[in-house]
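Below is one structure, written out as structure tokens; the observations come after it.
The values are calculated or read from the model by the stated rules, or taken from the named source; none is laboratory data. Owing to the predicted nature of the structure, the values given are computational and were not obtained by experimental measurement. Glycine gets a Cβ as well: all are built from the backbone with ideal geometry, and neighbour counts include every protein chain shown. Surface accessibility is based on the protein's heavy atoms, side chains included, excluding ligands, DNA and RNA. Shrake-Rupley method; radii C 1.70, N 1.55, O 1.52, S 1.80 Å.
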Amino acid sequence: MIILSVETSCDETSVAITKDGQDVLSNVVLSQMNTHALYGGVVPEIASREHVKGIHQVFKKAMEEADVTAKDIDLVAVTQGPGLIGSLLVGINAAKAFAFAHQKPIIGVHHIVGHIYANQIEKPMQFPLLALVISGGHTELILMKGHYDFVRLGKTEDDAIGEAYDKIARVLEIGYPGGPKVDAIAQKGQPVYKMPDVSVKDLNFSYSGLKSHIINLHHHHHQKNEPVNKEDLAASFQQAAFKQIFEKTQIAIEKYHPKQLVIAGGVASNSYIRKHIHTLKDSIDVVIPAFEYCTDNAAMIGIAAYYQWQKNPHSFSMNFNGEARHSIEFNI
Ligand code: KG4
Ligand code: ZN
């Protein structure tokens with residue numbers, strides 16, 4: 001089955017062509033990073049306009065690179081949310097227009113489900129599977145007993161880990177995008193600053209305390225005219241941010257005995273987690289997507305769409321009045 005997929009939930013305009021549940025024939029990503037860098041963060045109105053400008057050429061390039069024409073496409077898939085509404089609408093309408101013009105079926109895919117399925121590009125999923133979702137908007141542990149079967153075990157009680165990274169980069173004035181910048185300077189520092197011990201119940205997470213602590217610490221140093229060592233502060237934050245992640249993931253592994261642990265979302269590109277995740281006690285199979293599939297991309301949406309379609313081809317279709325219909329409660 002050849003799938004054309006579209007992802008425009010935030011600041012990347014992406015179209016991919018995928019085959020069945022694992023093969024990526026093309027994955028074109030047009031990043032708006034340089035445009036938003038001028039403002040220190042994503043400006044939703046600008047993001048929507050940039051998607052409008054780029055979407056046509058991204059469709060064309062994805063089809064050329066995969067060497068397919070419209071008649072080869074069996075299914076169209078598009079990110080239906082969560083995301084910036086104006087950005088999502090550009091992708092959804094482009095996908096619907098393509099599907100309508102070429103009389104193809106179309107389905108809407110949950111963005112976070114896409115991030116989880118990015119791991120299927122690396123390696124076939126093995127169930128039960130534990131997914132650690134660490135992105136700009138989500139920090140969650142999800143248990144999957146089979147394809148398209150999701151149970152959320154825990155989530156952040158306040159901010160997402162990626163959000164905390166972005167905020168700290170802004171406070172330290174090290175530029176945008178925040179996550180990779182903090183990651184880069186943390187590699188040159190030592191975790192010498194004391195961080196608060198965060199403890200929230202069950203398999204949940206919390207990042208607002210850690211975030212406020214860094215802001216206050218930076219502020220106090222600034223008021224006293226004492227320079228703060230940004231590298232050391234970033235390293236201290238990073239270590240504390242992942243301490244929770246490792247602790248909760250370990251508890252979930254001991255409780256649910258998954259065969260595989262997959263890491264999903266933009267923060268999966270972080271060097272600290274890529275280096276340390278394999279030190280988890282159990283001999284569990286750990287999968288992390290290649291860098292290009294960690295941050296937003298349409299290939300992950302196409303791969304997820306294949307399994308969504310297999311599960312129930314009729315109940316997920318998006319009708320041409322714009323309503324997304326699906327019968328499975330995603331719960332995430
Ligand atoms: O998955 P994603 O593209 O966005 C959502 O779906 O929410 O992830 C973007 C997030 C941003 O918060 C970004 O700062 C973070 O991922 N990120 C990183 C790194 N690369 C991206 N955070 C820490 N270290 C990185 N290397
Ligand atoms: Zn994302």
Qualifying positions in the stretch 99-126 - farther than 22 Å from Asp11 by Cα, open to solvent by less than 30 Å² (accessible area, probe 1.4 Å) and either within 13 Å of ligand 2 (Cβ to nearest atom) or at pLDDT below 95 (or both): Ala99, Ile106
Selected residue (criterion: farthest from ligand 2 (Cβ to nearest atom)) from residues of the stretch 240-260 that are assigned to a helix (DSSP H, G or I) and surrounded by fewer than 17 Cβ atoms within 10 Å (Cβ to Cβ): Glu254
Count - residues of the stretch 6-37 that are outside any strand (DSSP E or B) and either closer than 26 Å to Gln120 by Cβ or touching a Phe, Trp or Tyr at 6+ places or on another chain (Cβ under 9 Å) (or both): 10
Selected residue [buried (at least 19 other Cβ atoms within 10 Å of the Cβ) and among the hydrophobic types (A, V, I, L, M, F, W, C)] from Val182, Val192, Val228, Val151: Val182
Within the stretch 156-175, tally of residues that are open to solvent by 30 Å² or more (accessible area, probe 1.4 Å), touching a residue at least 60 places away in the same chain (Cβ under 8 Å) and under 17 Å from the mean Cα position of the chain (by Cα): 1
So Gly86, is it in contact (Cβ under 8 Å) with a residue 24 or more places away in the chain, open to solvent by 20 Å² or more (accessible area, probe 1.4 Å) and within 14 Å of ligand 1 (Cβ to nearest atom): no
Qualifying residue in the stretch 90-98 (condition: in a strand (DSSP E or B) and open to solvent by 10 Å² or more (accessible area, probe 1.4 Å)): no
Failed item in (1) closer than 28 Å to Glu122 by Cβ; (2) buried (at least 23 other Cβ atoms within 10 Å of the Cβ); (3) within 15 Å of ligand 1 (Cβ to nearest atom), with Ala77 passing the rest: (3)
Single condition Glu163 does not satisfy, out of (1) within 16 Å of ligand 2 (Cβ to nearest atom); (2) in contact with a helix residue (DSSP H, G or I) (Cβ under 7 Å, 6 or more places away or on another chain): (2)
